[in-house]
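Here's the structure we're looking at; comments come further down.
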2 protein chains.
Amino acid sequence: MPRDGSQTRTRILDAAEALVLERGYGGMSVERVIRQAGITKGAFFYHFKTKEALARTLLERFDAMDRAALEDNHQRAVRLGSDALQRLLVFVGLFEEAFAELEQPYPGCLYAAYIYEAKLFDADTQRTLGSSFLRWRGVLRGMLDDIVAERGGGEALDLEALADMFTVVLEGAFITAKAVDDASVIARQLGEYRKYVELLFAAGR
Amino acid sequence: MPRDGSQTRTRILDAAEALVLERGYGGMSVERVIRQAGITKGAFFYHFKTKEALARTLLERFDAMDRAALEDNHQRAVRLGSDALQRLLVFVGLFEEAFAELEQPYPGCLYAAYIYEAKLFDADTQRTLGSSFLRWRGVLRGMLDDIVAERGGGEALDLEALADMFTVVLEGAFITAKAVDDASVIARQLGEYRKYVELLFAAGR
DNA sequence: AGAAACATACAGACTATATGGTACATGATG
DNA sequence: CATCATGTACCATATAGTCTGTATGTTTCT
């Protein structure tokens, strides 16, 4: 066997992520991770000191991917949108596009999985979860502020709630899509959010 | 000791529900349920043959409460609303009212907790979860159809998505409220949904 | 009415297995 | 050969579930 363990490490993380989203962290055993990753205990505990360390690393990796997706689509929206409103609409549209391609119901969001088992994790992990949501709030809120700065009419709006609503709709759509076993739910729900934003500022225009 | 075990049974279910929402089903041990309920193993396994049986009963109880809340608020909305649009707006408003009173972030939805650990449960349980979501979809869809029947203009709308969006927003709001530790999120998100419906049919008017 | 006789509700010790984690040996690779 | 990466055997504890005992309530029969 090669002396490069990074593949093994990745396979462990991939297996664990899939299992957490299917069975929860508490319902996922190390033994099962090992089986699914096709390795042995020695390899597992070489890469991760404890199951808890795996949980932390898994969240860090997901957080990095999430952050990247957020920033990437934000920058694309900034390039593609002609004004502040268009930028937000494009931003949402990009996510719609991404989720429209899925056939299987999206496996789910690791944040949500952890939050529904919050007491299994330490305070630091829970802070990480909170700040992840606040990051989305911040970016969306920034885009909304830009719209209001350009067009005015922000007085009648709860901009924080409107910013949160993107995440809210996404998280809720993941759950609903799984529950009714229909992957199309996600893109369609994001479409409703986009339409809401459109309507809000078209009316206030 | 009294011979009426219904209190004990209820205490087991209450403890289990709280624990599932804090730690997930897989992260909840029978031992812990026993401790929290202040009973012993004998009592537990007298009332529930297995841990799985507890899970089923817990879901049945939650489902019954959920169904009751849905039907109750639906009927109240029917009585209070002057036309179809008002009925839906009142319906959403009633839930806003209920969640606005909460100080603590709502403990969460048992459906969502189960769905994020779906593979731990049998096919029958998963069907129950699906039909619970479809029940909400059905009621909301019915109210939306009524609005369209009265006012027209339903061609441009995805009524199914709009119906689902109530549940989607609620589920997403539960998660977000816990993540950012702010109970006000739930009522405010429902407020946004109500405003969206209002705007959609005010514009189409 | 009173006491067997029975049923219900619970306690607590016990068991088998699953699970997280360790120790150590072995193979590959620079 | 030295070190990194992995396999294997093993261990301690946690966990779901069992068994037996026992207190308390209910029914039945005289």
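Remarks
- Considered as a group, the residues in the range B:167-194 that are surrounded by 21 or more Cβ atoms within 10 Å (Cβ to Cβ) and farther than 26 Å from A:E117 by Cβ include one that is farthest from the other protein chains (Cβ to nearest Cβ), and that residue is B:Y193.
- Every residue from the range A:1-32 that is touching a residue at least 12 places away in the same chain (Cβ under 8 Å), within 12 Å of DNA strand D (Cβ to nearest atom) and either in a helix (DSSP H, G or I) or within 13 Å of chain B (Cβ to nearest Cβ) (or both): A:T8, A:R9, A:R11, A:I12, A:G26, A:V30
- Checked against (1) under 24 Å from A:A183 (Cα atoms); (2) more than 9 Å from chain A (Cβ to nearest Cβ), B:D164 passes all but a single condition, namely (2).
- Any hit, the range A:103-112, residues being among the polar types (S, T, N, Q) and either touching a His at 6+ places or on another chain (Cβ under 8 Å) or in contact (Cβ under 8 Å) with a residue 60 or more places away in the chain (or both): yes
- All of B:A112, B:A98 fail the test of being within 20 Å of the chain's Cα centre (by Cα) and open to solvent by less than 40 Å² (accessible area, probe 1.4 Å), apart from B:A112.
- Across the range B:132-161, the qualifying residues are those that are open to solvent by 30 Å² or more (accessible area, probe 1.4 Å) and within 7 Å of another protein chain (Cβ to nearest Cβ), and the one among them that is farthest from B:A202 (Cα to Cα) is B:L134.
- Qualifying residue in the range A:44-56 (condition: of a type in the set (D, E), at pLDDT 95 or above and either within 16 Å of DNA strand C (Cβ to nearest atom) or open to solvent by less than 20 Å² (accessible area, probe 1.4 Å) (or both)): yes
- Yes/no for B:R127 being open to solvent by 30 Å² or more (accessible area, probe 1.4 Å), assigned to a helix (DSSP H, G or I) and within 14 Å of chain A (Cβ to nearest Cβ): yes
- Qualifying residue in the range A:60-74 (condition: out of contact with any helix residue (DSSP H, G or I) (no Cβ under 7 Å at 6 or more places or on another chain) and within 16 Å of DNA strand D (Cβ to nearest atom)): no
- Apart from one condition, A:F91 fits all of (1) open to solvent by less than 10 Å² (accessible area, probe 1.4 Å); (2) free of Cβ contacts under 8 Å to residues at least 60 places away in the same chain; (3) part of a loop (DSSP other than H, G, I, E, B); the exception is (3).
- Residue within the range B:63-85 that is within 13 Å of DNA strand C (Cβ to nearest atom), part of a helix (DSSP H, G or I) and basic (K, R) present: no
- Of the numbered criteria (1) within 19 Å of A:L190 (Cβ to Cβ); (2) in a helix (DSSP H, G or I), the one B:A177 fails is (1).
- Against the criterion of being open to solvent by less than 40 Å² (accessible area, probe 1.4 Å), of a type in the set (D, E) and in the same structural domain as B:W136 (by TED's automatic domain parsing), B:D63 qualifies.
- Single match in B:G38, B:G93 (criterion: more than 14 Å from chain A (Cβ to nearest Cβ) and on the phi > 0 side of the Ramachandran plot): B:G38
The values are calculated or read from the model by the stated rules, or taken from the named source; none is laboratory data. Keep in mind that what you see is a predicted model, and the values were worked out from it rather than measured. Cβ atoms come from the backbone with ideal geometry, glycine included; neighbour counts cover every protein chain shown. To get the accessible areas, we keep the full protein, side chains included, count just its heavy atoms, and leave off ligands, DNA and RNA. Shrake-Rupley method; radii C 1.70, N 1.55, O 1.52, S 1.80 Å.
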